[in-house]
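Report on the following structure.
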Amino acid sequence: QVQLVESGGGLVQAGGSLRLSCAASGRTLSGYIMGWFRQAPGKERRFVASISRSGPNFRYADSVKGRFTISRDNAKNMVYLQMDSLKPEDTAVYYCAAKRVSPEATGPVLYDYWGQGTQVTVSS
């Protein structure tokens, strides 16, 4: 079992930045593909970014490419999502997720463990 806890959400003006963190416990994160997803009110949970076990491979949703950066520190059991040039449409609850089996994936149902989420609100 892996327990994931997100932090770093908040209220920010459009054009601003936030850095989300995901802390893991229970198992070492190095054995998992990690992803970030988001869910806006009344909408489905959607893929934001993923990173491979040791970090050389990344994938981003088209809507965040060039603005968001996913990273991980396996020694600290942490995953991060740096969000720059934020837009009001980025407003959502952001979730960290872990996937045991390769390959990386964008479908939420393919991830095995989830955090409780952190709210990000971008004002215009």
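The values are calculated or read from the model by the stated rules, or taken from the named source; none is laboratory data. As the structure is a prediction and not an experimental result, all values here were calculated from the model. Cβ sites come from the backbone with ideal geometry, for glycine too, and all protein chains shown count toward neighbours. Remember, those area values only see protein heavy atoms, side chains included, never the ligands or the DNA or RNA. Shrake-Rupley method; radii C 1.70, N 1.55, O 1.52, S 1.80 Å.
Annotations
- Criterion applied to 121, 106 was being out of contact with any Gly (no Cβ under 6 Å at 6 or more places or on another chain), of a type in the set (Val, Ile, Thr), open to solvent by 30 Å² or more (accessible area, probe 1.4 Å) and assigned to a strand (DSSP E or B), and the one residue passing it is 121.
- Matching residues, region 71-124, being under 14 Å from residue 49 (Cα atoms), among the β-branched types (Val, Ile, Thr) and modelled with pLDDT under 95: 106
- Scan region 22-36 for residues that are charged (D, E, K, R) and either modelled with pLDDT of 90 or more or open to solvent by less than 40 Å² (accessible area, probe 1.4 Å) (or both) and the total you get is 0.
- Scanning region 44-76 for residues being touching a strand residue (DSSP E or B) at 6+ places or on another chain (Cβ under 8 Å), open to solvent by 40 Å² or more (accessible area, probe 1.4 Å) and closer than 23 Å to residue 91 by Cβ gives a total of 6.
- Screening region 49-98 for strands (runs of 3 or more DSSP E) wholly inside it with 1 or more residues that are touching a Phe, Trp or Tyr at 6+ places or on another chain (Cβ under 8 Å) and within 18 Å of residue 16 (Cβ to Cβ) returns the ranges 68-73, 78-83.
- Within region 105-121, residues that are closer than 15 Å to residue 34 by Cβ sit with their Cβ atoms under 7 Å from residues that are part of a loop (DSSP other than H, G, I, E, B) and open to solvent by 60 Å² or more (accessible area, probe 1.4 Å), at 6+ positions apart or across chains, in these pairs: 108/45; 112/100.
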